[in-house]
Amino acid sequence: MADPSSYRPKPGQIPDSPGVYKFRDDHGRVIYVGKAKSLRQRLANYFQDLAGLHPRTRTMVTTAASVEWTVVSTEVEALQLEYSWIKEFDPRFNVKYRDDKSYPYLAVTLNEEFPRVQVMRGAKKKGVRYFGPYGHAWAIRETVDLMLRVFPVRTCSAGVFKRSAQIGRPCLLGYIGKCSAPCVERISAADHRELAEEFCDFMAGRTGAYIRRLERQMQDAAEEMEYEKAARLRDDIGALRRAMEKSAVVLADATDADLIAVAEDELEAAVQIFHVRGGRVRGQRGWVTDKVEAVTTAGLVEHALQQLYGEERGDAVPKEVLVPALPDPVGPVQEWLAGRRGSLVSLRIPQRGDKKDLMATVQRNAQQALALHKTKRASDLTTRSRALEEIAQALGLDAVPLRIECFDISHLQGEDVVASMVVFEDGLARKSEYRRFQIKTFEGQDDVRSMHEVIGRRFKRYLQEKQKSGEWTEEPPAGAAAEEDGAPDAMAGRPTDEDGRPKRFAYPPQLVVVDGGAPQVAAARRALEELGIDDVAVCGLAKRLEEVWLPEEDDPVVLPRSSEGLYLLQRVRDEAHRFAISYQRSKRTRRLKASPLDAVAGLGETRRQALLKHFGSLKKLRSATVEEICEVPGVGRKTAETVAAALAAAAPSAPAVNTATGEIIEDDGVPSAALSAERGQDR
């Protein structure tokens, strides 16, 4: 436990201006980010007598080892920088809202030539129009099924669309009138896009004018005695009205607003949001958070606004946001929201009428969500605590292992040997810190040697980071050179060189678990001893009898089958196994899809695809002359000569065979799926 006075800035060092500050722990990891109108006044509050601090604030300042700050011009800039740093560093002591589920959206892919209507979850994509979120995916499908009668927009996948175009015959929806069948050119791309935009307008709440237009068309058809057309329009109007009835009017003035309610106790808070568009509730979502910092209701609202609109632009930020308490000060937050929307945004507390009544409904939902979460969390928290205590007792550890790292080796008959590292903190998976490794020092199948290499590489990086941060002043062990291992699949890129981010090897575990028995454990312990690390416990979990092996012990530790500690170790081991196998399979897939064109210098993906599309297959490209290759747009004579030479030098691969039919599959530059029917099993 650190003494805050040991890292307190000297008087006069802290500027009296707006800014954002960061507290770091003794490993250099950012544990708290905050903003202030006056940095001097705000930071002074953290360095008062510990007895006068809130318990959570006291825990934060005693965990921290340093503080630093960045000066900005305005409070709006401070708000923006605070949000960016919280997203970047994932600080341990900041309020972080987490969705209680992955909510489905109704999405229209306007970024495609032929827009598609579908259900989408996860991160939003550029060029896609979203409606929702909805509570259940089936609710979206019911709505879409009703509206396709009037707006027959494409709903099929890219594969189905391409197949229908090839055979010249639409799918079933095209035959029953629920798709305009752009795949077979029954409708042009421009007309289909116009249809998709009308669909979006209707979903956005502009329903009255469209229904009135259909009613006029129905009356005109009836007057002209086109009774079949009039009946079809009548049915279309009925379908649209049924779709509208699924979201009742809650605000009579066709308001576009988001309503945010907060239910909280001393430890946790739940946030519920109702998205109202055109006076109707178009979506609902909720978050729950641990109150790891001393924060008021107004502070929770401010954090919720950052979470909701930090990545949004334009109409995704409504004209009106109704909240239970206003941030203090409210001006910078309102200005920030207006900047996201591009026009004024009203941020206020509803005082009377329908909006106040609807806010009460949102508040009841928040209270119910908090009660449900507390019921689940009480059981989960108790179980995790008992599991960690059982592990510490069984392995003879001085304290419970709050951070556990597990390593596993995966290969297929000695090929594509890889390893995985998964991280569990407080008994929960921390996927942002997963890592994967390629075995570099040898080829072939040797799990013990592979485990020694991977453990050594992981902890060499740890020692490097300690040396870089100044915690370790001796020379690093021989071979502790910088390495770049694969980033986890939850991350977009490799670790960066700035300190404090959680995407690093700089934070040590209390326990290392290896998938295997005594040999793997001995290899892991030997790798740590070679690096001079003696404060990290090691154990192995053998699959056959689920025995726990310790270094230099002849007999394993056998935990009871009903032990929560054993169950947690199994979950950690199984997660490492899953992560390793997924990486090994992706490597194998990339190797099987390798083409002689990949090795041609200066030939990018676009021109490779152009060559294959022009000739139809790699076999025909191989037999083409240089002059014929030059006919492909973007391919010059020099490139054509390089391609011809590379294909002539590459020996033709053995023909792929369809194992179900026995047919030989033509060489098209991408190996057949039949090649993946390999013997053996993934390990």
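General observations
- For Glu631, the solvent-accessible surface with a 1.4 Å probe is about 120 Å², rounded to the nearest 10.
- Per-residue extension of 0.36 nm, minus the Cα-Cα distance of Asp554 and Arg232, leaves a gain of 107.8 nm for this segment.
- Ala123-Ala338 FRET efficiency (beta carbon distance; Förster radius 35 Å; 0.05 resolution): 0.90
- Stretchable slack from Lys440 to Lys543, in nm (0.36 nm times residue separation minus alpha-carbon distance): 34.5 nm
- Between Leu110 and Asp534, the modelled label-to-label distance comes to 6.6 nm, taking each label 7 Å out from Cα in the direction of the beta carbon.
- Accessible area (Å², 1.4 Å probe, nearest 10) - Phe202: 10
- Within the same chain, lysines fewer than 8 places from Lys374 are excluded, and of the rest, those with a Cα less than 23 Å from its Cα are Lys96, Lys101, Lys291.
- For Ser17, distant residues with modelled amide H under 5 Å away: Leu39, Arg40
- Shape of segment 361-471, Cα gyration tensor, a/c cut at 1.5: prolate
- Once backbone amide H atoms are built at 1.01 Å from N, Glu320 has Asp258, Ser346 as its partners under 5 Å, excluding neighbours fewer than 5 places away on the same chain.
- Ranked order, Ile349, Ile581 - accessible area, probe 1.4 Å, largest first: Ile349, Ile581
- Links that overshoot a 28 Å alpha carbon limit, given the list Lys124/Lys613; Lys125/Lys638; Lys126/Lys440; Lys587/Lys619; Lys37/Lys355; Lys10/Lys460: Lys124/Lys613; Lys125/Lys638; Lys126/Lys440; Lys37/Lys355; Lys10/Lys460
- Distant-in-sequence amide H partners of Val538 (H built 1.01 Å from N, under 5 Å): Val512
- When nucleic acids and ligands are ignored and a 1.4 Å probe is applied, Lys125 ends up with an accessible area of around 130 Å².
- At R0 = 35 Å, FRET efficiency that the Cβ-Cβ distance of Lys356 and Leu428 yields, to 0.05: 0.35
- For segment 514-648, the solvent-accessible area of protein heavy atoms averages 53 Å² per residue (probe radius 1.4 Å; ligands and nucleic acids excluded).
- With all protein chains in place and ligands, DNA and RNA left out, the 1.4 Å accessible area ranks Phe131, Phe437 as Phe131, Phe437, largest first.
- Protection proxy ranking, peptides 451-457, 507-513, average beta carbon neighbours within 10 Å, highest first: 451-457, 507-513
- Sorting Lys543, Lys87, Lys10 by solvent-accessible area of protein heavy atoms yields Lys10, Lys87, Lys543, largest first, with a 1.4 Å probe.
- Packing rank of 519-527, 418-426, where each peptide gets the mean count of other beta carbons within 10 Å, highest leading: 418-426, 519-527
- Between Arg141 and Arg386, the modelled label-to-label distance comes to 3.9 nm, taking each label 7 Å out from Cα in the direction of the beta carbon.
- Per residue accessible area in Å² of segment 292-352, where ligands, DNA and RNA are left out and the probe is 1.4 Å: 44
- Maximal additional length on extending the Ser17-Glu628 stretch stands at 213.1 nm, based on 0.36 nm per residue less the C-alpha distance.
- Label-point gap, in nm, between Leu214 and Ala294 - each point 7 angstrom along Cα→Cβ: 5.8
- Accessible area of segment 1-116 belonging to carbon and sulfur atoms, whole % at 1.4 Å probe: 47
The values are calculated or read from the model by the stated rules, or taken from the named source; none is laboratory data. All values reported here derive from a predicted model rather than from experimental measurement. With ideal geometry, Cβ positions are generated from the backbone for all residues, glycine too; neighbour counts draw on all protein chains shown. Keep in mind that these areas ignore ligands, DNA and RNA; they rest on the heavy atoms of the full protein, side chains included. Shrake-Rupley method; radii C 1.70, N 1.55, O 1.52, S 1.80 Å.
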